[in-house]
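The values are calculated or read from the model by the stated rules, or taken from the named source; none is laboratory data. Only a predicted model underlies this, so the values are computations on that prediction, with no experimental measurement involved. Note: ideal-geometry Cβ built from the backbone for every residue, glycine included; neighbour counts use all protein chains shown.
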Amino acid sequence: MNLIDPIQHLAQIDLAEANQLLVKWGHKMGACNRPNGAIYAHAMFIHGQPAALAIGSSLIRETAAGFTRAEALELARLCAARPDLNRVMLRLWRECVFPAFGCGWAISYQDEAMHTGDIYRFDGWVRLARSRSGTDARSGRKGRNKTIWGWHADKAIRLARGG
């Protein structure tokens, strides 16, 4: 029996490595430097090289879209070396990584000025709410309009909550 290296695999990576990849791949929000809570970075590797990543984080505020930190995990960053790999990484993250955290909902903020939200819609996520961020105290960047998307594994629950 010949053992060969996997063509593709998913693995947890160090946040510093994830942040380097976010910068290298040109993520518009840059590195993920959250002021509080736990942060979990996972990467998809193709032929041993990182090709995409997702970062899950506890909610920054006590609640988001009506969920507490115990009820929801935020998908804080999604990025890939090639744009077409983002959809693959999103699906792998929600199917293979997110369930390990034991909360019912994954949420993600879509900056309406930067993205259409199609990546979430095409993956079965639902619109939960809209928000407007305040001015970022660290960077001084003005707040922007955002759509909050949500994922729950139970489709009936997901659709009942989503708009």
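Take the residues of region 104-119 that are without any contact (Cβ under 8 Å) to a residue 24 or more places away in the chain and assigned to a loop (DSSP other than H, G, I, E, B): which is surrounded by the fewest Cβ atoms within 10 Å (Cβ to Cβ)?
If we filter region 104-119 for residues that are without any contact (Cβ under 8 Å) to a residue 24 or more places away in the chain, which is where we start, we get 115-116, 118.
Going one step further and asking which of them are assigned to a loop (DSSP other than H, G, I, E, B), we end up with 115-116.
Working: His115: 14, Thr116: 10.
Filtering region 104-119 for residues that are without any contact (Cβ under 8 Å) to a residue 24 or more places away in the chain and assigned to a loop (DSSP other than H, G, I, E, B), the one surrounded by the fewest Cβ atoms within 10 Å (Cβ to Cβ) comes out as Thr116.
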Note: among Ala65, Ala38, just one is at pLDDT below 95, surrounded by 12 or more Cβ atoms within 10 Å (Cβ to Cβ) and closer than 27 Å to Val126 by Cβ, namely Ala65
Going through region 56-99 in order, the residues found to be closer than 17 Å to Leu15 by Cα, among the polar types (S, T, N, Q) and part of a strand (DSSP E or B) are Ser57
If we keep only residues of region 120-150 that are under 15 Å from Leu75 (Cα atoms) and hydroxyl-bearing (Ser, Thr, Tyr), then the residue surrounded by the fewest Cβ atoms within 10 Å (Cβ to Cβ) is Thr147
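Within region 106-146, which residues are of a type in the set (A, V, I, L, M) and farther than 17 Å from Leu59 by Cβ? Steps first, answer last, please.
Taking region 106-146 as the starting set, the residues that turn out to be of a type in the set (A, V, I, L, M) are 106-107, 113-114, 119, 126, 128-129, 137.
Selection gives Ala113, Met114, Ile119, Val126, Ala137.
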Flag for Leu159 being touching a residue at least 12 places away in the same chain (Cβ under 8 Å), assigned to a helix (DSSP H, G or I) and farther than 20 Å from Cys32 by Cβ
yes
Expected single match for surrounded by 20 or more Cβ atoms within 10 Å (Cβ to Cβ), of a type in the set (A, V, I, L, M) and either touching a Phe, Trp or Tyr at 6+ places or on another chain (Cβ under 7 Å) or farther than 23 Å from His27 by Cα (or both) among Ala100, Ala81, Ala153, Ala72 is Ala72
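Please pick out the residue among Thr68, Thr116 that is hydroxyl-bearing (Ser, Thr, Tyr) and under 20 Å from Arg34 (Cβ atoms). Write out each step before concluding.
Numbers: Thr116 fails: under 20 Å from Arg34 (Cβ atoms).
Criteria check complete, one pass: Thr68.
Each row is one residue, and each column tells you yes or no for (1) surrounded by 12 or more Cβ atoms within 10 Å (Cβ to Cβ); (2) modelled with pLDDT under 95; (3) part of a strand (DSSP E or B); (4) not basic (Lys, Arg).
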position: Ala11; (1), (2), (3), (4): no, no, yes, yes
position: Gly30; (1), (2), (3), (4): yes, yes, no, yes
position: Arg34; (1), (2), (3), (4): yes, yes, no, no
position: His42; (1), (2), (3), (4): yes, no, yes, yes
position: Ala51; (1), (2), (3), (4): yes, no, yes, yes
